[in-house]
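As structure tokens, the structure follows; a few thoughts come after it.
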Amino acid sequence: MLRMNDLSKVYRTHMIETHALRGLDIHVKEGEFVTVTGPSGSGKTTFLNIAGLLEEFDSGDYFLDGVDVSKLNDDARSRLRNEKLGFVFQGFNLIPDLDLFDNVDVPLRYRGLPAAERKERIEHALAEVGLASRMKHYPSELSGGQQQRVAIARALAGSPKVLLADEPTGNLDTQMARSVMELLEQINARGTTILMVTHDPELAARAQRIVHIIDGCVHDLVRRKPSLVED
Ligand code: ADP
Ligand code: ADP
């Protein structure tokens, strides 16, 4: 599903070069749930942003669902991102002035989907995260755990093949974090590949596979169970 070979990324600011990724190699199969851990500054967010086609890389190869990402122009990258990927962030990133229905609608409108299809996708996605009855509520009326569920619904509404989550439980208490993790596990069980950065060792250990990123390289991999799905 996702394959990176010898991937490097250098940030250049004020004459200072920061080697964020130094020849990173990884292969994530369709249907895997991978947690990404590692020290602060080791390159986890850079890795996730490149995987999510939000950032470019300097050298190496990246194939997403068989597509050679380095060969794409900006339009094709955006299209691939919208079609294949969903994003969940630590800070939820909901729009406070929009109700839940309209929040989930934002990326669907951006994709230009017709209204009837958008409505069906939004209702289905909010039902999947257990918030169907809250469609007309605003983010401020929800707990943090519920807001993160809305953000997950927004990602799911696009039917992504891969869900990329950067510290999705970082702003949540232990119980809400566990419940968001359970939701992600259910989503994964239905076939969505998940890559999740987390600092929480308990949550990391629940995944099928833990990837440690240290100094911009994948350091070691722990495979808990063989992946059920081959790509
Ligand atoms: P992590 O997510 O593991 O904390 P990051 O991927 O955020 O690590 O950062 C990896 C390295 O790249 C760090 O040294 C960080 O300071 C640097 N870095 C990240 N983003 C930028 C940027 N936009 N400009 C310059 N340096 C950056
Ligand atoms: P969770 O089930 O995500 O752990 P909580 O236990 O924090 O949620 O919240 C319980 C109930 O209180 C929920 O129905 C939630 O919508 C409501 N609630 C939480 N925070 C707020 C808030 N700031 N304003 C209005 N209602 C809230």
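Charges were assigned to the Cβ only: +1 to each Lys and Arg, -1 to each Asp and Glu. The resulting dipole of region 84-163 about its Cα centre is roughly 300 debye. Ranked from largest to smallest solvent-accessible area, with a 1.4 Å probe on the protein heavy atoms, V129, V67 come out as V67, V129. Farthest towards the positive end of the charge dipole of the chain, among the residues V10, V162, T37, is the Cα of V162, using unit charges on the Cβ of Lys, Arg, Asp and Glu. How large a share of the accessible area of region 118-227, in percent, is made up of carbon and sulfur atoms when the probe is 1.4 Å and the other protein chains stay in place? Whole-percent figure for carbon plus sulfur exposure: 48. With an a/c value under 1.5 for the gyration tensor axes a ≥ b ≥ c computed over the alpha-carbon atoms, region 1-92 is described as rounded. Region 41-98 and region 121-160 have Cα centres separated by 22 Å.
Among G91, G23, S140, whose Cα lies farthest out toward the positive end of the dipole of the chain, if unit charges sit on the beta carbon of Lys, Arg (+1) and Asp, Glu (-1)? The Cα lying farthest towards the positive end belongs to S140. Expressed to the nearest 5 percent, the antiparallel share of DSSP beta bridges inside region 60-216 is 15 percent.
Remark: the chain carries a charge dipole of roughly 340 debye about the Cα centre, counting +1 on each Lys and Arg Cβ and -1 on each Asp and Glu Cβ.
Label region 34-155 by shape, choosing from rounded, prolate and oblate, from the square roots a ≥ b ≥ c of the eigenvalues of the Cα gyration tensor; if a/c is under 1.5 it is rounded, and otherwise prolate applies when a/b is larger than b/c, oblate when it is not. Here region 34-155 falls in the oblate category.
Here the chain has an Rg and Dmax of 17.5, 53 Å, counting Cα atoms alone. About the centre of its Cα atoms, region 62-124 shows a dipole size close to 220 debye [charges on the beta carbon of Lys, Arg (+1) and Asp, Glu (-1) only; nearest 20 debye].
The values are calculated or read from the model by the stated rules, or taken from the named source; none is laboratory data. In this text the structure is predicted, and so the values were computed from the model without any measurement. Virtual Cβ from ideal backbone geometry, glycine too; neighbours counted across all protein chains shown. In case anyone asks, the SASA skips ligands and DNA or RNA and just uses the protein heavy atoms, side chains included. Shrake-Rupley method; radii C 1.70, N 1.55, O 1.52, S 1.80 Å.
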